[in-house]
Amino acid sequence: EAQVTQNPRYLITVTGKKLTVTCSQNMNHEYMSWYRQDPGLGLRQIYYSMNVEVTDKGDVPEGYKVSRKEKRNFPLILESPSPNQTSLYFCASRAGLAGLYEQYFGPGTRLTVT
Amino acid sequence: SQQGEEDPQALSIQEGENATMNCSYKTSINNLQWYRQNSGRGLVHLILIRSNEREKHSGRLRVTLDTSKKSSSLLITASRAADTASYFCATVRMDSSYKLIFGSGTRLLVRP
């Protein structure tokens with residue numbers, strides 16, 4: 001089954017404790033991205049990757065890191081989480097250009113930073 | 001950055017009625033997409049309409065695009081309780097074919 005998986009689904013952590021949210025897709029998609037969703041603000045893009053070893057900042061990259069060492073995986077790293085990073089996070093992937101391909105989303109990771 | 005704005009923010013209808021949601025955007029687009037999100041879940045792609053198309057159908061969904069007014073509408077006909085979800089439009093700008101920009105969504109409640 002074609003899917004994007006994320007782990008963990010729920011995470012409660014404390015300020016400053018480094019964490020990684022994993023994302024994996026089994027569709028051989030070139031493009032992957034991370035979003036955060038906050039009430040009233042919709043989905044905002046954090047980082048995206050157009051292919052292996054090619055990553056770029058989205059609209060709200062501060063406080064986050066990503067890597068793309070393999071085509072299928074695109075982990076999101078919070079080196080020193082802060083309470084304002086409490087949010088619902090989504091990983092997404094698609095085959096290529098946004099004008100040609102639909103985007104597939106993971107189930108989401110609900111992160112709480114205390 | 002450009003953002004699609006959905007209207008209304010929330011909509012409550014009776015099962016069997018039609019639901020219409022609107023999306024407006026600011027700059028020229030390559031295409032516009034509609035997504036659905038059940039509460040707390042990932043978004044699911046519904047339909048993509050290109051800038052040179054005016055109308056598109058998929059099952060009970062009908063999407064229109066008016067590039068002169070920079071607006072789109074999503075019509076769900078004969079709604080069902082299972083259609084209860086948030087609906088988002090997402091635009092792809094002409095000058096950025098890699099980036100999808102999402103609106104803030106319309107929350108639809110279909111009462112049984």
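Do you know which of the residues in the range B:1-48 that are surrounded by fewer than 17 Cβ atoms within 10 Å (Cβ to Cβ) and among the basic types (Lys, Arg) is nearest to A:Val4 (Cα to Cα)?
B:Arg41
Residue pairs, Cβ under 6 Å, 6 or more apart or interchain, first in the range A:8-22 and on the phi > 0 side of the Ramachandran plot and surrounded by 15 or more Cβ atoms within 10 Å (Cβ to Cβ), second hydroxyl-bearing (Ser, Thr, Tyr) and at pLDDT 95 or above. List them.
none
Of the conditions (1) closer than 26 Å to B:Tyr87 by Cβ; (2) surrounded by fewer than 14 Cβ atoms within 10 Å (Cβ to Cβ), A:Leu88 satisfies every one except a single condition; which number is it?
(2)
So which strands (runs of 3 or more DSSP E) are wholly in the range B:69-112 and hold at least 2 residues that are in contact with a Cys (Cβ under 9 Å, 6 or more places away or on another chain)?
Qualifying strands (runs of 3 or more DSSP E): B:71-76, B:85-93.
Residues of the range B:60-90 being crowded, with 16+ Cβ neighbours inside 10 Å, of a type in the set (Gly, Ala, Ser) and either more than 11 Å from every other protein chain (Cβ to nearest Cβ) or farther than 19 Å from B:Asp7 by Cβ (or both), which ones?
B:Ser71, B:Ser72, B:Ser73, B:Ser79, B:Ala85
Kindly indicate which of A:Arg68, A:Arg94 is more than 12 Å from chain B (Cβ to nearest Cβ) and farther than 21 Å from B:Gly40 by Cβ.
A:Arg68
Taking strands (runs of 3 or more DSSP E) that fall entirely within the range B:1-59, which contain at least 2 residues that are under 13 Å from B:Ala85 (Cβ atoms) and within 11 Å of chain A (Cβ to nearest Cβ)?
Qualifying strands (runs of 3 or more DSSP E): B:29-37, B:43-50.
The values are calculated or read from the model by the stated rules, or taken from the named source; none is laboratory data. Values in this document were obtained by computation on a predicted structure and should not be read as measured data. In this analysis, Cβ positions are derived from the backbone assuming ideal geometry, glycine residues included, and neighbour counts consider all displayed protein chains.
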